[in-house]
1. Which of the peptides A:98-108, B:56-66, B:387-397, B:335-345 is most tightly packed, and how do the rest follow, going by the mean number of other Cβ atoms within 10 Å of each residue?
2. Calculate the tail of P(r) for the stretch A:1-116: the fraction of all Cα-Cα distances greater than 20 Å, expressed in %.
3. From the backbone phi of the stretch B:320-326, what are the Karplus-calculated ³J(HN,Hα) couplings (6.51 cos²θ - 1.76 cosθ + 1.60, θ = phi - 60°) in whole Hz, Gly and Pro given as x?
4. Taking the DSSP beta bridges in chain B as the whole, what percent of them are antiparallel, to the nearest 5?
5. Roughly what % antiparallel, to the nearest 5, for the DSSP beta bridges in the stretch A:4-122?
6. Have a look at A:THR91, A:THR50, A:THR72 and tell me which one the Gaussian network model of chain A (Cα, springs below 10 Å) gives the largest fluctuation.
7. Farthest toward the dipole's positive end in the stretch B:269-405, which of B:TYR371, B:VAL301, B:GLN351, given Cβ charges of +1 (Lys, Arg) and -1 (Asp, Glu) about the Cα centre?
8. Taking the C-alpha atoms of the stretch B:18-140, how large are the radius of gyration and the largest Cα-Cα span, Dmax, in Å?
Amino acid sequence: MIPPDIQEGLTAFCETWNMMIPALKENYLVEPLLNRRINLGCEDDRRLLTLTPTEAVITEGEDPFAHAFFATDPEGWREMLRGESNFLTLTMQHRMSTRMDEALIHLRLSIMLQLLSLMRRAMAAGG
Amino acid sequence: MDMEGITRCLAEFTVQLQYDDIPDHVISKTKEQLTSILGATLAGADTEPGRKALEAVRAWGDQPEAAAIGSDYRTSMRGAAFVNSISAQLLEFEDALMPYSHIGAASIPAALAVGEARKRSGRELLVALVAGNEIGGRIGHAIHRGIRMGNIIPVYQAVVPFVTSRLLGYDLTTTLDAVGGALIQIQISILSGWVSNSKAYLSAMPTLVGVTAASVAGSGFTGFHEALEDPLGYFTQTCERPVPAEAVEGLGEIWQSEKLVNKPFPVCGWTLAPVEGTIDLVKENAIAPADIEKITVKVPVQSVMGGTMWKAKDAFHNLEERHDWCYIPLLFEMTYPVAAAAVDGELTPRQWREERLFDEEIHAVMERVVYEPDIALTTAYVNEDKLGAAVAITTRDGKTVEKHIPIARGSTENPMDVEGKFLSCARGVIEDGKAREALQMINGLEELVDMGELNACLMQG
């Protein structure tokens, strides 16, 4: 079971993605994530994240044909969703792993999880 | 996409570029870059790892062709290029060609070593450095969309063989041989390894390989002439989503060198504006470290991304516990540099020595540094490549003072005193008279007949 606070963070990520994607979809940080299905792992729990140029959707379970598997420990998820860490932080602490054919998706998704969290915080602070 | 002839196009540019083709302001920018990098090199030579590298290269016993900057010996052309690039890189004190390339920590050591060994003029040095900046700035653009970001975008290895070939006086064919030779095995850095002294190899190894390959190409040893654009070549190997056409866009018409930024502080580019704002505030308001309640630093969201790669707590723990760790990850972390700047009123190479790294007062202030993402600063970075920050210091009496730095010092819009940086870095490493003579030579580089005279000023004794 994904802890409720992580689930809430993922929901907030999807909401921010949906709000900001029209402005961001041409950006090189975002473009490799468009039209991708990514299995998310948190301990034994699995979610499927589908990212398109119009929306981000999270569903239960996983897709065997997904483009990548993106997993870290619960605290790693919290750190990314709070904007405190990204793929580079977590891999260098040996808390995420990657492989060459998935690395770009791993990096960019972690960056968007972190950046959109920071953007939410900045917008909430009024600037 | 038409990728044909990119290596050839850049080689032609390198061979054909003339001093008179280059606008005056680009020449001025390049002299500033040279001054700034030479300061960084002298400062790096005076660090503990810098001294170790200098002693190791001295022990090679190579033929004395070019100066090991900040030392009292000369070594081979490639040995000098290598060790001077280590010194230039060690303190993260070099240049950035906004937004994706770092160049000078490789191109300048390579050019100085080759130029001295072959008795080139100051004018020839300037032309070679401009060619390197124009090529490097474009290549950084072409390969920035992959997993490698910032200084890990592997630009150095593509720049050095062009710069070196120009100073060796090569024709088009030999320049292509040099580039093909240098790029036959691509070099990619392990980011996790930047915790060790070996982070300096980021520029030094490509410099060594580039100068070596160029030197060997001069004997007629061939290199692959399509190394950059080949479907299995440099662009494909270094970036998951390259746009090779960007490597030649506007070549000779739009000058990338205009976007050169020099660093006034030895720290990652993201932290320049926070450090500048902090120093200004503590000086302008005479704030004592013990009076600091909180330092709030607003930055573009991308700054936080870079600044969270390493955590201060982990870095200081590992500095004490692990043989392989050194101060280098803290150059990219954002709380220590700001705290050190607040306590010492400066951020210089001194703050990266053990005596300051473990200072209790700095560590107490570090706990009170908070970063906040800011939308306006983010927009300014995304749209205009402006690295800015807004710093607020709250003191224990409840007062808050604020400073907005729209764009970090070292850029065209907020210029820095590069000569001041050079002299400050030179102090204690070379004689003051020699340092001032070196500055005069850089300012009048067009009149310098033999670059060896400049290099001689950068040596001890």
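Readers should treat all values here as calculations from the given coordinates under stated rules, not as data from a laboratory. None of the values given here were measured: they were computed from a predicted structure. All Cβ positions, even for glycine, are placed from backbone atoms using ideal geometry, and neighbour counts span all protein chains on display.
1. Answer by packing, highest mean first, reads B:335-345, B:387-397, A:98-108, B:56-66.
2. Pairs farther apart than 20 Å: 33 percent.
3. So the Karplus estimates, Gly and Pro as x, are 7, 9, 10, 5, 7, 7, 9 Hz.
4. Antiparallel: roughly 70 percent of the beta bridges in chain B.
5. So the antiparallel bridges in the stretch A:4-122 amount to around 70 percent.
6. A:THR91
7. B:VAL301
8. 14.3, 43
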